[in-house]
Structures are given as C-alpha cells and as structure tokens.
Amino acid sequence: MPAIEGRPRPAPIATSKPFWDALKEEKVRLQRCGDCEAWVYYPRRRCPSCLSAALEWRQVSGRGRIYSWTIGRQATHPAFGADVPQLLAMVELDEGVRLTTTIVNAEPTDLVVGRLVEPVFEHGEDGMTLLQFQPVAGSG
Ligand SMILES: [Zn+2]
C-alpha cells in the first residue's frame with residue numbers, strides 16, 4: 001500500500017462515488033446511457049451525447065489500449081518526485097471512453113500506441129483506490 005502523504009487525492013461526490021466505490025472492490029464501472037446507449041466517462045449527471053438523465057452503472061473489464069502517452073521526467077507534483085520518470089497515458093477502454101492514467105509495472109519502452117493494457121488497482125492508505133494500467137503480457 002503506497003504512502004500518500006502530500007499527494008493530491010480524489011474527492012468523490014455523489015455523482016462519482018459509484019465509480020470510486022467499484023475501484024475499492026477491484027472492479028471498473030462506467031455509466032451507460034439508457035436512452036442512446038453511449039458509454040460515459042467521467043461520471044456525470046446527464047449523458048453528454050443526448051442529455052438524458054437515464055444513466056446506469058455497468059461493470060466492464062477495464063481492458064483497453066494505449067491511445068497516447070508521455071514520459072514525465074519532472075514530477076507532475078512535488079509528492080510524485082520518487083515516481084519519476086512517470087509513465088503517463090491516455091487509455092481508450094474497449095467501450096470507447098478515454099481516461100488519463102498512469103502506466104505501472106512497465107518500462108518507458110513499453111509505451112506503444114495501441115498496446116493492450118489491463119487495470120491495476122492501487123489501494124491507498126486513505127481508503128481510496130486509484131485506477132492505473134499495465135501492459136498485457138505478450139501484447140508488445
Ligand atoms: Zn444518451
């Protein structure tokens with residue numbers, strides 16, 4: 001369980017709490033619109049495609065592909081100084097939504113656009129769990 005002292009942490013609100021609660025159980029849940037069937041991330045009160053309020057939470061695999069990446073050679077926050085180089089990426093989940101994240105259990109040379117990734121759940125000592133990703137073995 002990594003130390004979190006000084007690190008920025010998520011602050012769930014009613015709309016996003018189901019997402020964060022699922023991560024604690026090592027599950028990824030996304031919202032899906034009951035009217036137009038669009039997948040929605042980040043959590044919202046209304047569908048960004050059709051403005052419907054009929055959003056439902058669905059469990060998904062959490063698997064996806066690296067859509068874009070960068071290497072942070074200067075810490076993005078002083079508390080992340082020990083994590084440099086930071087492997088930062090935008091991951092596109094199989095459902096088509098994209099999220100900004102950190103790639104772990106990898107080397108900089110593992111960052112390849114289109115590479116398959118799977119979720120890693122980082123349980124913090126404050127009870128929050130972050131969603132990170134690692135390359136799927138043999139997908140390079
Ligand atoms: Zn919709």
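Applying the criterion of being surrounded by 15 or more Cβ atoms within 10 Å (Cβ to Cβ) and in a loop (DSSP other than H, G, I, E, B) to the residues of the stretch 28-45, the residue that is nearest to the ligand (Cβ to nearest atom) is ALA38. Within the stretch 90-137, being of a type in the set (Val, Ile, Thr) and surrounded by 17 or more Cβ atoms within 10 Å (Cβ to Cβ) holds for VAL91, VAL97, THR101, THR102, ILE103, VAL117, VAL120, THR129.
Can you say whether ALA54 is among the hydrophobic types (A, V, I, L, M, F, W, C), touching a residue at least 60 places away in the same chain (Cβ under 8 Å) and either out of contact with any Pro (no Cβ under 7 Å at 6 or more places or on another chain) or farther than 30 Å from SER139 by Cα (or both), as far as the supplied structure shows? The answer is no for ALA54.
Determine whether the stretch 7-17 contains at least one residue that is more than 16 Å from the ligand (Cβ to nearest atom) and of a type in the set (Ser, Thr, Tyr). There is at least one residue in the stretch 7-17 that is more than 16 Å from the ligand (Cβ to nearest atom) and of a type in the set (Ser, Thr, Tyr). Restricting attention to the stretch 49-89, report how many residues are part of a loop (DSSP other than H, G, I, E, B), among the polar types (S, T, N, Q) and exposed (fewer than 12 other Cβ atoms within 10 Å of the Cβ). Within the stretch 49-89, residues that are part of a loop (DSSP other than H, G, I, E, B), among the polar types (S, T, N, Q) and exposed (fewer than 12 other Cβ atoms within 10 Å of the Cβ) number 1.
Could you please let me know if PHE19 is closer than 27 Å to GLU125 by Cβ, at pLDDT below 95 and of a type outside the set (D, E, K, R)? No. Conditions first: (1) under 19 Å from VAL104 (Cα atoms); (2) among the charged types (D, E, K, R); (3) in contact with a Phe, Trp or Tyr (Cβ under 7 Å, 6 or more places away or on another chain). ARG29 passes all but one, so which condition is the exception? So the condition that ARG29 fails would be (1). Pairs meeting the criteria (first residue in the stretch 123-140 and under 12 Å from ARG7 (Cα atoms), second residue at pLDDT below 90, beta carbons under 7 Å, at least 6 apart or on different chains) are GLY124/MET1; GLY124/PRO2; GLY124/ILE4; GLU125/MET1; GLU125/ALA3; GLU125/ILE4; ASP126/ILE4.
Summed over the stretch 103-140, residues that are part of a strand (DSSP E or B), touching a helix residue (DSSP H, G or I) at 6+ places or on another chain (Cβ under 8 Å) and of a type in the set (A, V, I, L, M) total 3.
With respect to being away from the ligand (no atom under 16 Å from the Cβ), without any contact (Cβ under 8 Å) to a residue 60 or more places away in the chain and aliphatic (A, V, I, L, M), ALA89 fits the description.
The values are calculated or read from the model by the stated rules, or taken from the named source; none is laboratory data. Not measured: the values here are computed from a predicted model. Heads up, the Cβs are rebuilt from the backbone with ideal geometry, glycines too, and the neighbour counts pull from every protein chain shown.
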